[in-house]
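Right, one structure below, let's go through it.
Quick note: the coordinates plus some simple rules give every number you see, no bench work behind them. Given the structure is predicted, the values throughout are model-derived calculations rather than measurements. FYI the Cβ positions are ideal-geometry reconstructions off the backbone, even for glycines, and counts take in every protein chain you see.
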Amino acid sequence: FFLMLRRPPRSTHCISSAASDVYKRQVPKRPNKLNQDAYFALENFMDIDNAYLFGIMDGHGHFGREVSTLVKSKLPANLALASTVCQKDRVRDLFLTDESFRESLVKAAYAKTNSELVTAGVDLSHSGTTSVTAFTCESLLLCANVGDSRAVIGSLEYQSTEHRWRANQITVDHKPDLEEEYKRIISFNGRVEPYKDATGKPLGPHRVWMKTKNSPGLAMSRSLGDIAASKVGVIAVPDIFELTIQNKHKILIIASDGIWGVLSNEQAIEIAGGYYEIGEANLACEALVRAATVEWKRQSEVIDDITVIVIFFNQ
């Protein structure tokens, strides 16, 4: 999609343009494999003027596509439904001024979405999805994430006659070897270690396992779905991060690990920054997908699914 938005007054810090791009995973001998990512982009969310909600879901497992697609439809609906706890004309004020209201609303929506997955008729035993969402209205930016999809903000900093881009990661990738995540998994009688080959040599990232079984082997510590992994401490509770948008903030990128697995935060912001002055968020997305694809091909025979949304804030 490409979304060109009307430009409100500068003081609102609302976005001037946004776009996304998607690239399907390439797996040798499996040319028909489906892209398991999903995304949404909603304008005037919850009937709030100049409020925008963006989200990316990266599905995994045999039914990962089905899970990410379900979350794409259910999570925004549940966020909007949760907001009906108060009168419609108070939603905007509460959301912009009450941090505890925002946090409880977002966590309730994620919990309801996860519970609805269980009754959706999809086998969730070893399938699930990440979810990273970004809500922006006026100077508020709220990001919530479960899993290892990521949100990164880019700032334009001026030094004398020159300027440089600076990248700051907003969300935290939920990896099982993070101290807090590790402790929770162990407390649920789980195990955290890389996959090991026949000789016992560790391969790849740390994964979540049952204590006495080599299952489920999930490479993240939080996800929606994944019933087997949930029994050993993998949770669907989002971390929530808030930021006040300032004039220096120009770019927001949210993407699946098809981007972050091969490009650093700094590389991604630099690439997108090349299109900021001309306001071409769509071209920034295309450039990010190209750069990630080149790097995947350099490193591996497999190219992961790539989904990226680029948001340009008003200049």
Starting from the amide H of Ala236, placed 1.01 Å from N in the peptide plane, find each other amide H under 5 Å away whose residue is 5 or more places distant or on another chain. Ser223
Rounded if a/c under 1.5, otherwise prolate or oblate - the chain, Cα gyration tensor axes: oblate
The chain, relative contact order in percent, only Cα pairs under 8 angstrom and at least six apart counted: 25 percent
Calculated P(r) of region 126-284 - Cα pairs past 29 Å, %: 30 percent
Per DSSP loop assignment and a cutoff of at most 15 other beta carbons within 10 Å, the chain keeps its longest run without exposed GluC sites (Glu not before Pro) at 1-276
Over 27 Å (Cα to Cα) - which of Lys175/Lys213; Lys175/Lys231; Lys72/Lys175; Lys72/Lys107; Lys183/Lys297; Lys175/Lys196 fall in this group: Lys183/Lys297
To the nearest 0.05, what FRET efficiency results for Ser73 and Ser100 with a Förster distance of 30 Å applied to their C-beta separation? 0.65
Treating cross-link reach as a plain straight distance, find the aspartates and glutamates whose alpha-carbon is under 13 Å from the alpha-carbon of Lys74, omitting any fewer than eight places away in the same chain. Glu66, Glu116
Using only Cα atoms, locate the centre of region 183-220 and the centre of region 235-268, then give the distance between them in Å, rounded to an integer. 27 Å
